[in-house]
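Engineer: Take this structure, written in structure tokens, and hold onto it; I'll ask about it next.
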Amino acid sequence: MKFLIALLGLLVVFGLAYIASNGKKKIRYRPLAIMIVLQVILAYALLNTGVGTFLIGGFATVFKSLLDYANEGIAFVFGGLTTVGAESGGAPFFLSVLMPIVVISALIGILQYIRILPFVIKYIGLVLSKINGMGRLESYNAVASAVLGQSEVFISVKKQIGLLPKHRLYTLCASAMSTVSMSIVGAYMTMIEPKYVVTALVLNLFGGFIIASIVNPYEVTEEEDILEVQEEEKQSFFEMLGEYILDGFKVAIIVAAMLIGFVALIALVNGIFSAVLGISFQELLGYVFAPFAFIMGVPWKEAIQAGSIMATKMVSNEFVAMLNLKETAMSARTTGIVSVFLVSFANFSSIGIIAGAVKGLHEKQGNVVARFGLKLLYGASLVSVLSAIITGLFL
């Protein structure tokens with residue numbers, strides 16, 4: 001039965017992508033088929049094989065160690081608070097989940113400084129460009145987004161931003177919204193199972209190309225297939241380290257502020273809806289998103305609960321939704337499927353973040369991104385649904 005539902009889900013996702021396509025006759029089906037098969041193989045390998053368990057376990061161990069090291073610095077600065085938190089059953093969310101972002105950001109800076117990350121990103125991107133049939137810039141951008149983040153990635157290709165036509169700019173922005181930055185992966189792993197975080201990272205990478213190839217199909221000529229990565233300004237090691245540490249702290253503060261605002265506002269809106277209609281706003285959204293949860297493989301009896309969490313992610317952000325997921329009692333299968341759906345930046349606030357990042361580098365192109373912002377969210381959301389459907393096959 002789950003295979004029939006997955007097939008229905010794939011037809012719905014591809015149908016919705018096809019309806020929104022701006023070049024239906026330009027769609028190339030061979031690369032699409034290859035990438036879908038790769039998604040299935042990779043999901044099976046990660047979730048149902050010993051090799052996958054070993055790799056995910058290693059990945060999770062690395063991040064757990066990083067979080068433990070981060071706690072050394074956190075305990076030094078916030079010692080009393082962490083001690084009180086431990087005695088009462090857990091440290092405050094800001095300290096235990098968000099503060100480690102500072103350390104992981106610093107590590108990313110070091111790997112950038114010694115040229116390991118640029119090398120890895122560039123050559124993984126080159127391999128991907130042979131598979132997805134897109135340009136080297138698009139492939140590089142997808143991998144770089146998963147490491148650097150949805151706004152920082154555009155700085156690395158700022159030489160080409162002003163030269164890109166609208167259709168290529170859409171693909172770059174869609175990749176940035178469909179992935180998540182490595183600096184906050186550790187935070188996700190404290191909230192949902194690491195295997196679902198890793199699975200989502202891998203599937204979203206290919207899913208972004210699949211949906212973009214349908215919604216926004218085009219071919220890149222040899223003359224256009226140029227990749228110019230902006231070299232970072234020469235800095236001393238400690239200048240760089242200080243900059244990345246502060247960047248990580250800014251991300252943690254921004255996420256904390258967003259959580260305070262969104263959690264409070266959702267509680268307020270839920271209270272108003274419950275008083276007026278007898279049903280909370282999140283429950284109402286749950287009914288709207290329930291069909292999408294069902295085609296992802298969620299049993300219908302849990303589809304409304306799952307749909308509510310999915311909607312929360314879209315109207316606020318993935319952190320708020322993950323907090324709700326932790327507090328919601330659902331089956332292991334449903335929790336896994338929804339977890340994979342949540343691991344992306346596909347929400348309304350990301351439209352402003354990406355448009356602002358591009359506008360800061362090139363005002364005209366930033367305005368272009370703002371105009372196709374809703375289509376960007378539409379495509380990135382389909383990527384999340386697609387990844388969840390593929391995951392549901394193996395749970």
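The values are calculated or read from the model by the stated rules, or taken from the named source; none is laboratory data. On a predicted model such as this, the values are computed, not experimentally measured, just so you know. Here the Cβ is made from the backbone with ideal geometry for all residues, glycine too, and neighbour counts use every protein chain on show. Surface areas here come from the heavy atoms of the whole protein model, side chains and all, with no ligands, DNA or RNA. Shrake-Rupley method; radii C 1.70, N 1.55, O 1.52, S 1.80 Å.
Engineer: When the Karplus curve 6.51 cos²θ - 1.76 cosθ + 1.60 is applied with θ = phi - 60°, which whole-Hz ³J(HN,Hα) does each residue of region 31-37 get, with x for Gly and Pro?
Structural biologist: x, 4, 4, 4, 5, 5, 4
Engineer: Report the FRET efficiency, 1/(1 + (r/R0)^6), for Lys130 and Leu284, where r is their Cβ-Cβ distance and R0 is 41 Å, rounded to 0.05. Provide the component values of the computation, followed by the final result.
Structural biologist: Numbers: r = 46 Å, r/R0 = 1.12.
Computed FRET efficiency for Lys130 and Leu284: 0.35.
Engineer: Give me the distance between the Cα centres of region 237-267 and region 122-157, rounded to whole Å.
Structural biologist: Region 237-267 and region 122-157 have Cα centres separated by 24 Å.
Engineer: So, one more: From the residues Phe209, Gly271, Val298, which one has its Cα farthest along the dipole of region 209-353 in the positive direction, the dipole being from +1 and -1 charges on Cβ of Lys/Arg and Asp/Glu about the Cα centre?
Structural biologist: Gly271
Engineer: What residue among Gly248, Gly73, Gly366 shows peak mean-square fluctuation when the chain is described by a Gaussian network model with Cα springs under 10 Å?
Structural biologist: The residue that fluctuates most here is Gly73.
Engineer: Here's something else I'd like to know. To the nearest 500 deg cm²/dmol, what mean residue ellipticity at 222 nm is calculated for the chain from DSSP H runs of n ≥ 4 alone, each contributing -39,500 (n - 2.57), summed and divided by the residues?
Structural biologist: Details: 19 runs with 304 residues, N = 395.
Rounded to the nearest 500, the figure is -25500 deg cm²/dmol.
Engineer: Of the heavy-atom accessible surface of the chain (probe 1.4 angstrom), what whole percent is carbon and sulfur?
Structural biologist: On the way: 12250 of 17860 Å².
Of all accessible area on the chain, carbon and sulfur atoms account for 69 percent.
Engineer: Of Leu128, Leu11, Leu32, which is the most mobile in a GNM of the chain whose springs link Cα atoms less than 10 angstrom apart?
Structural biologist: Leu11
Engineer: Once you place label points 7 Å from the Cα toward the Cβ at Lys159 and Glu222, how far apart are they in nm?
Structural biologist: Once both label points are built, they end up 2.1 nm from each other.
Engineer: Now, a different point. From the cross-link list Lys24/Lys375; Lys130/Lys159; Lys158/Lys234; Lys24/Lys122, which pairs have alpha carbons spaced over 20 Å apart? Write out the running numbers ahead of the final one.
Structural biologist: Values: Lys24/Lys375 16 Å; Lys130/Lys159 23 Å; Lys158/Lys234 17 Å; Lys24/Lys122 30 Å.
The pairs that break the limit, which is 20 Å between Cα atoms, are Lys130/Lys159; Lys24/Lys122.
Engineer: Let me ask another. What are the radius of gyration and Dmax of the chain, computed over its Cα atoms and given in Å?
Structural biologist: 20.6, 63
Engineer: Starting from 0.36 nm per residue, how many nanometres of slack lie between Thr49 and Val37 once their C-alpha separation is accounted for?
Structural biologist: Values: separation 12, 0.36 × 12 = 4.32 nm, distance 1.69 nm.
Taking 0.36 nm per residue and subtracting the Cα distance, the gain is 2.6 nm.
Engineer: Same structure again: Is the C-alpha gyration tensor of region 239-395 telling us rounded, prolate or oblate? Criteria: a/c under 1.5 is rounded; beyond that, a/b larger than b/c is prolate, otherwise oblate. List each step's numbers first, then the result.
Structural biologist: Values: a/c = 1.69, a/b = 1.52, b/c = 1.11.
Judged from the Cα gyration tensor, region 239-395 comes out prolate (a/c at least 1.5, a/b above b/c).
Engineer: Using a cut-off of under 19 Å, list every residue of region 359-388 whose amide N is near the label point 7 Å from the Cα of Lys2 along the Cα-to-beta-carbon line.
Structural biologist: Output list for this probe position: 385-388.
Engineer: With springs connecting C-alpha atoms under 10 Å apart, model the chain as a Gaussian network and identify which of Val153, Val315, Val120 has the largest mean-square fluctuation.
Structural biologist: Greatest mean-square fluctuation among the candidates belongs to Val120.
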